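Each remark here refers to the structure printed beneath this line.
Readers should treat all values here as calculations from the given coordinates under stated rules, not as data from a laboratory. Note that the coordinates shown come from a computational prediction; the quantities given were computed from them, not determined experimentally. For neighbour counting, all protein chains shown are included, and Cβ atoms are generated from backbone atoms with ideal geometry for every residue, glycine included.
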Amino acid sequence: MTDALAHKPVSDSLVRLLIALLALLAIPHFANLSPWLIGYFFAAVAWRLAAMKYPQLLPRRWLLGLLTLAGIANVLVNTNLFDGRVSGTALLVVMLGLKLLEIKSRRDVFLIIFLGFFLAMTQFLFHQGLWLTLYLLTLAALLA
C-alpha cells in the first residue's frame, strides 16, 4: 500500500515549525557536544531558513555530498570515537541538520519527525533530571 500524499510538497509554515522544534530539542546537547557540532547543526538550520526565502540557495546533490563529508569529518575531529554515546549523538545531530536541507515531500517530514524523537531520547544518555524530562516530553508531544 502506498501513500498517495507522500510526494506532496510541504508548506513553509510546517517546515518552520519543524525547524523550531528540532532547534529546541538540540539546545540541551550544548552541554554534551562540541560547539563545532552544534554550530554545524544551527548553520544548516540557518541555511534552510534562508533557502525558504530564496529557494535557489538550496544545495544541489553534489554540495550535499560535500557537506556530508564535512559533517563526518566534524564528528571525527570533535568527538572521542571510543565513547559511542557522544559520537553517535554527534552524528545524529549533524545528519539531522543536513536532512533539513533536503526537505521536499511529506515523507521527508515524517523521517525528520522520527529523527527528532531519537534526538530527544539521546539526551537521556547524558542526563535524566525531572525538568529536562518535562521539557523533552513537551517538545516530543508538540513534534507528534
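Considering the chain at the alpha-carbon level, its Rg and Dmax are found to be 15.3, 44 Å.
Mean residue ellipticity, 222 nm, helices only, the chain: the sum of -39500 (n - 2.57) across DSSP H runs of n ≥ 4, divided by residue count and rounded to 500, is -23000 deg cm²/dmol. Can you list the DSSP H helices in the chain whose Cα atoms extend at least 20 Å along the helix axis and whose mean Kyte-Doolittle hydropathy is -0.5 or higher? Answer set is 12-26, 35-53, 61-78, 84-100, 106-122. Peptides 127-134, 20-27 ordered by packing proxy, namely the average of other Cβ atoms within 10 Å per residue, highest first: 20-27, 127-134. Each peptide in 83-93, 43-53 gets a packing score, the mean of other Cβ atoms within 10 Å over its residues, and the list from highest to lowest is 83-93, 43-53. How would region 58-129 be classified by its alpha-carbon gyration tensor: rounded, prolate or oblate, with rounded meaning a/c under 1.5 and the a/b versus b/c comparison settling the rest? Oblate, because a/c is 1.5 or more while a/b does not exceed b/c.
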